[in-house]
1. Please give the helix 74-84 orientation as an angle from the longest Cα principal axis of the chain, in degrees from 0 to 90, rounded to the nearest 10.
2. For the Cα atoms of the chain, what angle does the longest principal axis make with the long axis of helix 15-25, in degrees from 0 to 90, nearest 10?
3. How high is the relative contact order of the range 1-107, in percent, counting Cα pairs under 8 Å that sit 6 or more residues apart?
4. Based on the Kirkwood radius over alpha-carbon pairs, what is the Stokes-Einstein translational diffusion coefficient of the range 1-107 at 37 °C with 0.692 mPa s viscosity, in µm²/s?
5. The range 1-46: which trypsin sites (Lys or Arg not before Pro) are DSSP loop and have at most 13 other beta-carbon atoms within 10 angstrom?
6. With runs of 4+ DSSP H residues as the only contributors, calculate the mean residue ellipticity of the chain at 222 nm using -39,500 (n - 2.57) per run, divided by the residue total and rounded to the nearest 500.
7. Work out the charge dipole of the chain with +1 on the Cβ of Lys and Arg and -1 on the Cβ of Asp and Glu about the Cα centre, then indicate which of Ala11, Val45, Gly110 is farthest towards its positive end.
8. Specify the angular offset, from 0 to 90 degrees and rounded to the nearest 10, of the alpha carbon long axis of helix 42-54 from the longest principal axis of the alpha carbons in the chain.
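Quick note: the coordinates plus some simple rules give every number you see, no bench work behind them. Here the structure is a predicted model, which means the values were calculated and not measured. Here the Cβ positions follow ideal geometry from the backbone for every residue, glycine too, while neighbour counts run over all protein chains shown.
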Amino acid sequence: MTYRLQDVFTAIADPHRREMLDTLAAGELSAGDIAARFAMSRPAVVRHLRVLERSDLIRITRRGRRRLHRLNPEPLRTVRDWLSAYDRFWDDRLQVLKDLVEADAAAAPGGENN
């Protein structure tokens, strides 16, 4: 199955779906096992799982009568790669924050310059 980046972003925009992905990162589970971990109806959980499956963030395998859901991290790698282009903005902001904290500490009584 191929995925579109827009579908992946739409899927991970919902906090419940992100939590489901976090849950599935620990291992595969049935829809019932996933639903038991959430304070929502099973049909609501199944709807969220369908969105995750359509975006290829989860894969479903059959084992007998059970359908087990597991995380497929590949689409998330694409998101990470796209976001990495913006790391420099965070790095710049963190450097400014570090400089401000160090300047404040140096100016405080008992600081580096006192």
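1. It works out to around 20 degrees.
2. Helix 15-25 sits roughly 80 degrees off the main axis of the chain.
3. That works out to 29 percent.
4. Translational D for this selection: 206 µm²/s.
5. Passing sites in the range 1-46 are Arg4, Arg37.
6. Dividing the helical sum by the residues of the chain leaves -18500 deg cm²/dmol.
7. Positive-most Cα among the choices belongs to Val45.
8. The angle comes out near 80 degrees.
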